[in-house]
Amino acid sequence: MEAIQKNKRYTYTDYLTWDDDMRYELIDGVPYMMSAPNLKHQETTGEVYGQLRNFLKEKPCRPFIAPVDVRLNAKKGDNDVVQPDVLVVCDHSKLEDGKSVKGAPDFIVEVLSPSTTSYDCFVKLNKYMWAGVREYWIINLDEKIVLTHILTGNNYITKTYGADCNFIPVSVLEGCVIDLKAIFPEES
């Protein structure tokens, strides 16, 4: 494997040759190294995934938890590869190769880490909107808020939910709600 260069643009084909011990995402062919998540991040990610998995049992949509490669522009350029914390795919044709998701998931959740706040809130937000992700949530554990972004036309409508809210509806999954008290448990 050749050394990853900051001034070079890469594709998914290049990405597949990289060391599996290091996690990267590609945005417009530029590699972004991902840090290991902390325990609270993993606990929150697992809780959201578990709630989605329970709701989606015996339904056509499928939930996934990181690391799963999502190739946002697999049909054109194939230079955007992300690994959202949690995602839901309803179009099974996007899962055909069994190795990655080819195209935009219907629903994505990112749990912020101090090192990824700007990246998740700006770079990924714009990339997900451009790719057609129908709903994107950002969970901020420090502030105890969830920002929901629902694609309407060519823009996201954003709502903010605080820890005082009991449930948040998942707009793209009719009847699905996420129990926010399980995401932000009261401290003892």
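Readers should treat all values here as calculations from the given coordinates under stated rules, not as data from a laboratory. In this text the structure is predicted, and so the values were computed from the model without any measurement. We place every Cβ from the backbone using ideal geometry, glycine too, and count neighbours over all the protein chains shown.
Data overview
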| read-out | value |
| --- | --- |
| Of Glu135, Glu143, Glu110, the one that fluctuates the most in a GNM where the chain has Cα springs shorter than 10 Å | Glu143 |
| Order of Phe122, Phe64, Phe167 - criterion: other Cβ atoms within 10 Å of each residue's Cβ, fewest first | Phe122, Phe167, Phe64 |
| The stretch 72-101 and the stretch 6-51: distance between their alpha carbon centers, rounded to Å | 13 |
| Those Cys residues of the chain for which no other cysteine Cβ falls under 4.7 Å | Cys121, Cys165, Cys176 |
| Inter-probe distance in nm under a simple model that places probes 7 Å from Cα toward Cβ, at Trp18 and Asn166 | 4.4 |
| Contour minus Cα-Cα distance for Asn54 and Lys76 (0.36 nm per residue) | 4.5 nm |
| From the coordinates shown, Rg and Dmax of the Cα atoms in Å corresponds to which of [x] 16.3, 47; [y] 16.3, 50; [z] 18.8, 57 | [y] |
| Value of relative contact order over the stretch 20-147, rounded to a whole percent, pairs C-alpha under 8 Å and six or more apart | 20 |
| Using θ = phi - 60° and Karplus 6.51 cos²θ - 1.76 cosθ + 1.60, couplings along the stretch 27-44 (whole Hz; Gly, Pro as x) | 10, 6, x, 8, x, 10, 6, 9, 8, 6, x, 7, 5, 5, 4, 5, 4, 5 |
| Estimated vicinal HN-Hα couplings, Hz - the stretch 56-71 in sequence order (Karplus 6.51, -1.76, 1.60; Gly, Pro = x) | 8, 4, 6, 10, x, 6, 10, x, 9, 10, 4, x, 9, 6, 10, 9 |
| Long-range HN-HN contacts of Ile27 with modeled amide H, under 5 Å | Tyr32, Val81 |
| Shape of the stretch 82-169, Cα gyration tensor, a/c cut at 1.5 | prolate |
| Residue with peak Gaussian network fluctuation, the chain [Cα springs, cutoff 10 Å], from Lys144, Lys127, Lys59 | Lys59 |
| Built amide H within the under 5 Å cut-off of Val177, gap 5+ | Val170 |
| Label point at Trp130 placed 7 Å out along Cα→Cβ; residues across the stretch 13-45 whose backbone nitrogen lies under 16 Å | 25-32 |
| Electrostatic dipole magnitude of the stretch 1-142 [Cβ: Lys, Arg +1; Asp, Glu -1; Cα centre; debye, to 20] | 360 |
